[in-house]
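Where a number appears in this text, it was derived from the coordinates with a stated rule and is not lab data. None of these values were measured; they are calculated from a predicted model. Cβ sites come from the backbone with ideal geometry, for glycine too, and all protein chains shown count toward neighbours.
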Amino acid sequence: MISNFFRTAWRNILKYKTYATINFIGLTCGLTLSLLIFTYIRQEVSFDTFHEKLDRIYRIKYYAPNELLLASTPPPIAPRMKEFFPEVEEAARIYGRNVSITRVKGDESDSYEENSVFFADSTITKIWTLDFIAGDAERALKEPFTILITEDMATKYFGDENPVGESLIFGGNLSFKVGGVVKEFPTSSHIRFNMLVPYDNMFDLEAPEGADLLRRNLDVNFIVSHSYTYVLLKPGADPQKVNDRFDAFIKQYALPQLQRGQRFELFPMADIHLKSDMLAEPGFVNSYNTLYIFAGVGLLTLLIACINYINLATAQSFTRMKEIGIRKILGSARGQMIGQFLMESFLFCAIAFILSLAGLYFTLPTLNQLTGSELEFVQALDATTIGAAVILLLFITLLAGGYPSIFATQFDSVNSIKGSGVSAGSSGNWLRKGLVVFQLLITSALLSGSLMIVKQLRYLENRPLGFNKENILVVRLQSQNLNAVFTGSDETLNERLNSFRATIEGQSSVRSTSTLTNVPGAGLTYRGIVPEGFTSDDNMFAGSLGVDYDFLKTFNIELIAGRDFSREVGSDPATAFIVNETAIKDFNWGSVADAIGKTINLEGKEGKVIGVVKDFNSQSLTAPMTGIVMDIRQRYSLLAISLLNENTQDNIDLLEAKWNELFPEKTFEFFFLDQQLNQQYLRYQNFGSIINYFTIIAVLISCLGVYGLILFVVQRKVKEIGVRKVLGSSVTGILKLIFTEFVWLILIAFVAAVPFSYYLISRWFENFVYHTNIDVITYVLSLGLVVVIVSGTIIYNAFKAATANPVTSLRSE
């Protein structure tokens with residue numbers, strides 16, 4: 001019997017090619033999208049699961065005195081945890097930074113700037129799961145100047161040679177021996193490294209006169225946000241017991257003047273990727289809300305495809321009434337005919353699933369590009385995916401094939417043979433219309449959501465930030481000390497840098513230059529501050545920006561009170577500060593004029609406010625405006641160059657040539673500020689692109705659904721249309737007759753979609769402190785697009801029916 005069902009189902013697929021093609025397209029798109037989303041979500045929820053002790057690994061969460069929530073913590077915590085907490089088995093610090101690394105081989109050398117070099121305690125090898133390819137795992141990171149490198153780094157620097165025992169030069173003069181090679185962490189890791197270096201060797205990159213001072217400072221500083229601290233608890237240990245005793249831990253080990261109400265908490269490493277709300281994360285973090293949105297959109301799109309199948313199968317059953325009636329007369333039971341329809345549904349779904357595998361293969365690279373994943377087709381088809389796909393296949397078979405099979409077999413054999421099984425007022429018509437309304441609702445919501453995402457991204461790109469970001473080329477200075485900044489000890493480098501600046505400022509294409517610690521818009525360093533009117537007990541922090549005399553000019557930041565830093569005032573580097581408007585509000589200083597002359601103590605540096613600038617966004621637009629204190633520094637890591645002309649390759653070539661003359665040993669690394677700032681919103685741009693793709697698929701499937709309902713309506717009205725044409729009705733009149741029935745469906749769907757999409761967009765806007773408005777124009781445009789798209793589908797089919805020969809439809813009458 002099953003083989004007969006199969007053969008009959010296959011013949012019907014070949015017989016009704018139009019219906020089959022539409023169903024295959026809809027189901028294939030829906031299944032492909034579902035497989036993509038399932039594969040993506042599986043990776044997102046599996047972050048860090050390759051660590052064997054994941055259930056016992058935690059990272060410390062830092063509630064800083066300035067109320068910032070940070071992933072990085074003070075360095076003195078880890079070495080003291082085993083002594084204080086009996087629940088702790090191991091603790092380790094890890095600190096990442098850029099390092100210039102050179103491989104010398106004979107008379108040749110290759111130098112690279114590596115941006116994922118992490119200095120780590122040797123205990124990290126007992127916490128993380130490191131897969132050693134070569135070297136001694138027991139001795140890893142225990143010997144000074146002995147490092148671990150990944151496979152990629154081994155190939156990059158040593159080719160096919162065995163790197164163990166070979167040397168690499170850090171910072172131009174420090175030799176490190178390769179002690180082992182490990183496999184790279186997968187992309188499903190919240191942190192990834194190229195090299196692991198003993199933690200104490202971090203200080204060896206400092207100038208000798210500053211290394212010991214820095215080492216002593218970091219050994220007692222329980223305030224600074226510096227290193228990530230990972231903790232491995234003993235089996236069965238309660239993390240809450242550790243959290244409850246952190247206050248006592250700080251009181252025992254921190255100096256009284258460094259006890260400022262800071263709090264610490266163990267945060268499960270397994271939750272970092274999807275639940276972290278901390279600043280200074282080492283990599284991109286996602287959220288369950290994003291996964292819920294993707295899963296919801298994927299499920300709704302698949303549901304739309306199933307609705308299409310239901311509508312099309314129901315419409316098709318109208319043309320198969322005589323077949324059904326004859327089968328009943330010949331003795332077929334209703335259960336057998338339902339089985340026949342379910343077999344057709346299963347065959348459709350099975351073929352669509354096979355086609356969706358091809359769709360998955362071709363679309364997976366796009367998903368990887370948009371999400372930063374490295375998913376492979378073979379990985380996506382493991383036992384879990386196949387099992388889920390089989391369950392989904394059976395579910396869709398029952399869902400999509402159940403109603404049409406029951407609908408088609410409910411009429412008696414006489415009515416079936418006469419073709420009068422479906423009446424114009426049947427409840428089934430309302431169900432089919434309701435399903436189409438649901439399709440159009442989802443499509444309208446996705447369209448309006450996509451338009452709002454595009455509008456918000458354009459708003460982020462074009463919103464005035466309070467400073468000039470155009471034609472600003474930023475050069476990384478790449479000094480090798482702890483903070484990757486030039487200091488007073490880099491006298492030779494400073495002289496060469498000053499020569500470089502003087503040379504390029506003489507070029508017609510260069511307006512000005514400025515050295516600084518952070519570029520505007522890309523983040524701040526928060527430092528302890530005691531403004532006038534407060535005491536050290538108030539535990540105040542402010543955003544700190546180290547600049548030079550040309551900062552305001554280079555970035556075109558507006559000075560609204562007081563004066564700028566001046567080379568003619570010799571005391572400015574030691575005693576002068578410039579603040580922004582928000583800082584004045586935070587310090588309760590009244591007007592901008594009142595702020596001039598106010599005193600500030602910035603971590604021991606005392607001085608007065610000489611100027612006030614208009615607020616500018618020092619961080620991304622997902623963060624609120626913050627108070628900023630600027631001062632002249634001798635430490636800087638970036639050189640900003642304001643160009644008069646466009647960012648042409650000629651300008652870059654000229655600057656690079658001058659750089660190579662003065663810094664032949666250093667790579668000319670640069671970025672354009674506007675491009676760098678736009679990268680902050682890349683995750684939102686990719687999110688928008690994914691939603692746009694989903695929207696296109698949903699629109700396509702919805703059009704197919706409307707097409708199916710149009711076929712049903714036309715078949716039901718074929719005799720009515722024939723009679724109207726015989727009685728003189730025009731083609732326009734018949735088009736109006738059919739089109740009017742669908743206008744109400746579109747309007748009902750759109751009205752229902754507005755509050756739904758408004759809620760979702762409002763929730764997404766919560767990611768931004770600054771966002772555009774949800775306006776009526778967007779919804780009007782969305783409605784217009786839905787009307788145009790759906791109308792095209794309706795008019796095409798209605799016109800065919802209206803221009804058909806009425807003799808054909810009335811022949812049997």
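Numbers at a glance
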read-out	value
Amide H contacts under 5 Å for Thr146, placed H, 5+ residues apart	Lys177
Spin-label proximity, Glu495 to the stretch 617-658 - amide N less than 13 Å from point 7 Å beyond Cα toward beta carbon	none
3J(HN,Hα) from dihedral phi, the stretch 127-138, Karplus parametrisation 6.51/-1.76/1.60, rounded to Hz, x for glycine, proline	9, 7, 9, 9, 8, 7, 9, 8, x, 9, 5, 5
Theoretical FRET efficiency, 1/(1+(r/R0)^6), r = Cβ-Cβ of Asp152 and Ile652, R0 35 Å, to 0.05	0.80
Contact order normalised by residue count of the chain, Cα under 8 Å, 6+ apart, percent	15 percent
Isotropically averaged projected area of the chain, using the convex hull of Cα atoms (one quarter of hull area), nm²	44.2 nm²
Sites Glu67 and Arg458, calculated FRET efficiency, Cβ-Cβ separation with R0 30 Å, nearest 0.05	0.40
Built amide H within the under 5 Å cut-off of Tyr636, gap 5+	Phe486
Loop sites in the stretch 118-187: GluC sites (Glu not before Pro), DSSP, at most 14 other Cβ within 10 Å	Glu138, Glu161, Glu184
Added length on full extension, which subtracts the Cα-Cα distance from 0.36 nm per residue, Leu357 to Arg7	123.6 nm
Sum of -39500 (n - 2.57) over DSSP H runs of 4+, divided by residues of the chain (222 nm, nearest 500)	-16500 deg cm²/dmol
Estimated distance in nm for a label pair at Ser571 and Gln679, the labels positioned 7 Å out from Cα along Cα-to-Cβ	4.2 nm
3J(HN,Hα) from dihedral phi, the stretch 166-171, Karplus parametrisation 6.51/-1.76/1.60, rounded to Hz, x for glycine, proline	7, 10, 10, 9, 9, x
Residues Arg80, Arg501, sorted so that the one with the fewest Cβ neighbours within 10 Å comes first	Arg80, Arg501
Packing rank of 187-195, 443-451, 252-260, 619-627, where each peptide gets the mean count of other beta carbons within 10 Å, highest leading	443-451, 187-195, 619-627, 252-260
Span from the the stretch 109-170 Cα centroid across to the the stretch 700-767 one, whole angstrom	64 Å
Given charges at Cβ of Lys, Arg, Asp, Glu: the stretch 75-261 dipole, positive-most of Phe170, Ala154, Asn221	Asn221
Cleavage-rule hits (GluC sites (Glu not before Pro)) in the stretch 651-694: DSSP loop, at most 12 neighbouring Cβ within 10 angstrom	Glu665
Beta bridge orientation in the stretch 105-192: antiparallel %, DSSP, nearest 5	60 percent
Cβ-Cβ FRET estimate between Lys553 and Ser287, R0 fixed at 45 Å, reported to 0.05	0.65
Residue-span extension gain [Asn660 to Asp107] - 0.36 nm each, minus C-alpha spacing	197.1 nm
Phi to ³J(HN,Hα) by Karplus 6.51 cos²θ - 1.76 cosθ + 1.60 over the stretch 580-593, Hz, x for Gly, Pro	9, 4, 5, 4, 4, 5, 4, 8, 6, 9, x, 7, 5, 5
Gain upon complete extension [Tyr758, Lys234; 0.36 nm per residue less C-alpha separation]	183.8 nm
Amide H contacts of Ala542 (H built 1.01 Å from N, under 5 Å, at least 5 apart or other chain)	Arg527, Ile529
Set of lysines near Lys598 by C-alpha distance (under 16 Å), chain-local residues within fewer than 8 positions excluded	Lys585, Lys608
Expected-Rg normalisation [2.2 N^0.38 Å, Cα atoms] applied to the stretch 716-813	1.62
Folded to 0 to 90 degrees: helix 17-45 orientation relative to the chain principal axis, Cα	30 degrees
P(r) tail fraction, the stretch 472-679 - alpha-carbon pairs more than 33 Å apart, %	16 percent
Percent of beta bridges antiparallel (DSSP, the chain, rounded to nearest 5)	80 percent
Fewest-first sequence of Ile223, Ile442, Ile795, Ile149 by Cβ atoms within 10 Å of each Cβ	Ile795, Ile223, Ile442, Ile149
For the stretch 75-261: rounded, prolate or oblate by the Cα gyration tensor [a/c cutoff 1.5]	oblate
Inter-probe distance in nm under a simple model that places probes 7 Å from Cα toward Cβ, at Asn162 and Ile795	7.6 nm
Ranked list, fewest to most other Cβ atoms within 10 Å of each Cβ, for Glu532, Glu87	Glu532, Glu87
Hydrodynamic radius by Kirkwood, which averages 1/r over all alpha carbon pairs of the stretch 580-707, in angstrom	20.1 Å
Euclidean distance between Cα centres, the stretch 438-461 to the stretch 271-314, Å	16 Å
Qualifying trypsin sites (Lys or Arg not before Pro) in the stretch 566-661, DSSP loop, other Cβ atoms within 10 Å at most 14	Arg567, Lys614
Among 746-755, 674-683, the order from most to least packed when residues are scored by Cβ within 10 Å on average	746-755, 674-683
Within straight-line cross-link reach of Lys251, aspartates and glutamates at Cα separation under 17 Å, skipping those fewer than 8 residues along the same chain	Glu83, Asp219, Glu265, Asp537
